[in-house]
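FYI, it's all coordinate maths here, none of it is from the lab. Since this is a predicted model, take the numbers as computed values, not measurements. Using ideal geometry, Cβ is built from the backbone for each residue, glycine included, and neighbour counts are taken over all protein chains shown.
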Protein chains: 4
Amino acid sequence: MRVNDRHVSFYYENDHDMGEVSINKPTTALLVVDMQHAFVTRPKDRQPAEAERWEQFYQAIDNIVVPNNQRLLKAFRERGMEVIFASIRTQKKNGADRSLDQKATGYNELLLPPGDPWGDIVPELAPQDDEIVICKTTDSVLTGSPLRLWLNNMGIDTVVVTGVLLDQCVSGTVRSLADESFKVWLIEDATRASTQQIHDNELEILNNIYCHVINTDELIAALG
Amino acid sequence: MRVNDRHVSFYYENDHDMGEVSINKPTTALLVVDMQHAFVTRPKDRQPAEAERWEQFYQAIDNIVVPNNQRLLKAFRERGMEVIFASIRTQKKNGADRSLDQKATGYNELLLPPGDPWGDIVPELAPQDDEIVICKTTDSVLTGSPLRLWLNNMGIDTVVVTGVLLDQCVSGTVRSLADESFKVWLIEDATRASTQQIHDNELEILNNIYCHVINTDELIAALG
Amino acid sequence: MRVNDRHVSFYYENDHDMGEVSINKPTTALLVVDMQHAFVTRPKDRQPAEAERWEQFYQAIDNIVVPNNQRLLKAFRERGMEVIFASIRTQKKNGADRSLDQKATGYNELLLPPGDPWGDIVPELAPQDDEIVICKTTDSVLTGSPLRLWLNNMGIDTVVVTGVLLDQCVSGTVRSLADESFKVWLIEDATRASTQQIHDNELEILNNIYCHVINTDELIAALG
Amino acid sequence: MRVNDRHVSFYYENDHDMGEVSINKPTTALLVVDMQHAFVTRPKDRQPAEAERWEQFYQAIDNIVVPNNQRLLKAFRERGMEVIFASIRTQKKNGADRSLDQKATGYNELLLPPGDPWGDIVPELAPQDDEIVICKTTDSVLTGSPLRLWLNNMGIDTVVVTGVLLDQCVSGTVRSLADESFKVWLIEDATRASTQQIHDNELEILNNIYCHVINTDELIAALG
């Protein structure tokens, strides 16, 4: 199967053929980023106007992103392939270990201390057995994290990335992985930004330079 | 001076006040990213249609980005502040040291070996004296680079970022810096993506979470 | 109190005065390395000759190293100072995430998978509350680990190092910390190599270049 | 050829057989550490008593270490194998970019700014063509350096280490390489500590856990 020609940016307008979708199972891992209640579950205490503004996001999560991550987890687990999770979670109750982009005022000013259930990965996508869970205090899953070394040690050279938020932790992670010479497949219907517009913008920016953007069907077909 | 309310994304629509533009000169560095001929000078051998497509980019470089970087360099140098450059440049003639995102087919398939004048920083912005130049084989200036440690050692905690391409190396660098707990100011008229649309999209994505986006006038005013 | 002049190597024979023992409590952490059953508890299945060879090590652990680590933990905890633990522990049951020096044949060919009680930190020194525990698959606590970034984020610039084995994980950690610009105090009677001779050799090698070697009494006196 | 049984420490007394000396040429690099005038050339201004104390070191450098590094360089270059150099060298004239272990008082308080000929690699071992030279402000060649990533990108998985000082930068580098899953061969007669005693102590500490210690003849024989 040829890589699709969706989400092609200005840079690649004249260069649509991006090669073959091909997965070597023993060296490929699935990385599910930050599918925690704090990011994908409707908060109970939100003001109605704010809740309304975000409703389109949660519907996409419920109807598209969670089901597709379930399908991907099933496909990887059935084939004995590596599955890895990331979640934002401090070590210290006061969050002193967070990096500045998570301490600062604004959307990302967040504190998910040890034991806070709001920081748990949603039960539909819960890690199993000895699947690795990276607890991070950064946006990119690679910054200040053992993941790069563990992937190298496990012989993983290709990472299939899903999760939220596409323009934030997912984008940072995709860029870090590519810079560390991993081949990256970003699954467009298993990730999400806050709005459709930001989602489309970020996919176009990342595609063909840091990853290839494909969808869940295409990835699963490539697993054979 | 308050931080402006331009480039505010969905995440921050209800939270416009992002604090004060304030710079502590001894702990702030200017980082000029990839202002090399390969990225900002019109190639001689380009097909006319392709040259036409890119002309708007080079005009923005010539008329806006280079002059504003010159003003920023002058302002930092006059105040004895730290100035740092990054450039894409391999160590090996065959480019074997490049990360995958620079080896792979596509826009970023580039090889700038030692001594290639096409990899030189443009003369208007040439490094002086003992200003640090990071030669990188990645997109983020921090991945696999000594910069983070050197900034820590020099007591730098704030970085003013300029250069190209906004959605690629600049975005990756801004994200890495924020994840490493540096405060980042991104100068909107001293950086550039390939098109105005991608430029605006990326500024909106990065602003207020990984950096504050201000312009050259605002930054220079804050230097006092 | 002046730094003592014990363990002075050839390099410093003519330069004995190494300054003051002085600790700034809010920016200093205690790091207890690998005080796990696997390294400090007598294995039940060891051959008599081998057990006899190692007996001097376990006696030093029981009589000197564990009690002094208890004193240090108490002193740090009473003052509200940061306490951090490292332990060797894989994420994967098969140990695929281990680095080569832990996978290879020899002394360090070790596998401490999730849940293995042999990998637990000994109960006398058990971590409490939200004290950080780094699970590592390397010897240096900093290689491929979040510790450096977390220390930076927490404002820690000085690390008091204890634990085992002095010439292996402790030495690698001390060297990495110094290279990352942390001030290091190595506590000679709260760490241990397999034999007195290797212990003395390694202390002499590390002292005054990567750390200052002092003892538990001296460190606690400096805490005031 | 079996790995020799020299420099066997307490840990391996009962486990002498460490396998085969075998080198895969396309994935093996030679790393020559800090063979700069500052470390291997007699300083002109040294007091006679101090010069006398160090004379045994410089004689070992002149008679053993430099010639064996020349032989190794020749052997690697003739076979088209990768050759890499490290040197201690600041970017800033005032050395602000140095890590604490190079800024602090003591033996390692050293400043080798850009252009200082005392920081040059000795001419007998001068880098050629596009051989990589890492300029570092740390002791381990890997801390805060692009080397790990470049080695990964170049497909190098084995490193032959030589240079000075064995117990300092060489030991830190060997430990870092092993922690990053490189196979390491340390060449005992192409490296050196300040004294024979420290030299022997450090070889025993490193051998069989972080590297295998062999000599120049053994390594060259293994190249075939």
Note to self: Using only DSSP helix segments of four residues or longer, with each worth -39500 (n - 2.57), what per-residue ellipticity at 222 nm results for chain D after dividing by its residue count and rounding to 500?
What the structure shows: -8500 deg cm²/dmol
Next item on the list: Let me know the charge dipole size of the protein assembly as shown about its Cα centre in debye, to the nearest 20, where only the beta-carbon of Lys, Arg (+1) and Asp, Glu (-1) is charged.
Entry: 0 debye
Next item on the list: For the stretch B:113-224, state the average projected area of the convex hull of the C-alpha atoms over all orientations, rounded to one decimal in nm².
Entry: 8.0 nm²
Note to self: Show me the ranking of peptides A:160-173, A:48-61 by mean Cβ neighbours inside 10 Å, starting with the highest.
What the structure shows: A:160-173, A:48-61
Margin query: I need the calculated FRET efficiency for the pair B:K74 and A:Q196, taking r as the beta carbon distance and R₀ as 45 Å, to the nearest 0.05.
Written below: 0.55
Margin query: Below 8 Å between Cα atoms, with a sequence gap of 6+, how large is the relative contact order for chain A in percent?
Written below: 27 percent
Item checked: Pseudo-label separations to other copies for C:Q128 - Cα-to-Cβ vector, 7 Å, nm -> 4.0, 5.7, 6.3
Check: Restricting to chain D, what percent of DSSP beta bridges are antiparallel, rounded to 5?
Finding: 5 percent
Next item on the list: Check the axis relating chain A to chain B and name the residue of A whose C-beta is nearest, distance in whole Å.
Entry: A:N201, 2
Note to self: Can you list the copy-to-copy distances for B:N63, using a point 7 angstrom from Cα toward Cβ, in nanometres, shortest first?
What the structure shows: 4.4, 7.4, 8.4
Check: If you take the square roots of the eigenvalues of the alpha-carbon gyration tensor of the stretch D:24-68 and sort them as a ≥ b ≥ c, do you get rounded (a/c under 1.5), prolate (a/b over b/c) or oblate?
Finding: prolate
Next item on the list: Provide the convex hull volume over Cα atoms per residue for the protein assembly as shown, in Å³.
Entry: 168 Å³
Checklist line | the stretch D:79-139 shape via C-alpha gyration tensor axes, a/c threshold 1.5 | finding: prolate
Item checked: Cα-based helix-to-principal-axis angle, D:48-60 vs chain D, degrees rounded to 10 -> 30 degrees
Next item on the list: Calculate the length of the line joining the C-alpha centroid of the stretch B:124-145 to that of the stretch D:80-135, in whole Å.
Entry: 18 Å
Notebook entry, point to check: If you find the alpha carbon centre of the stretch A:151-224 and of the stretch C:23-47, how far apart are they in angstrom?
Noted result: 40 Å
Notebook entry, point to check: What angle, in degrees between 0 and 90 and rounded to the nearest 10, separates the Cα long axis of helix B:66-78 from the longest principal axis of the Cα atoms of chain B?
Noted result: 60 degrees
Margin query: Taking 35 Å as R0, compute the FRET efficiency from the Cβ-Cβ separation of C:W54 and D:E20 and round it to 0.05.
Written below: 0.75
Next item on the list: Could you size up the charge dipole of the stretch A:134-224 around its Cα centre, putting +1 on the beta carbon of Lys and Arg and -1 on that of Asp and Glu, and report it in debye to the nearest 20?
Entry: 380 debye
Next item on the list: Report, for C:S22, each distance to the same residue's label point in the other copies, shortest first and in nm; define the point 7 Å along Cα→Cβ.
Entry: 2.9, 5.7, 6.4
Item checked: Dipole moment magnitude, nearest 20 debye, the stretch A:1-145 about Cα centre, only Lys, Arg, Asp, Glu C-beta charged -> 360 debye
Checklist line | Cα radius of gyration and Dmax for the stretch B:1-147 (Å) | finding: 18.0, 52
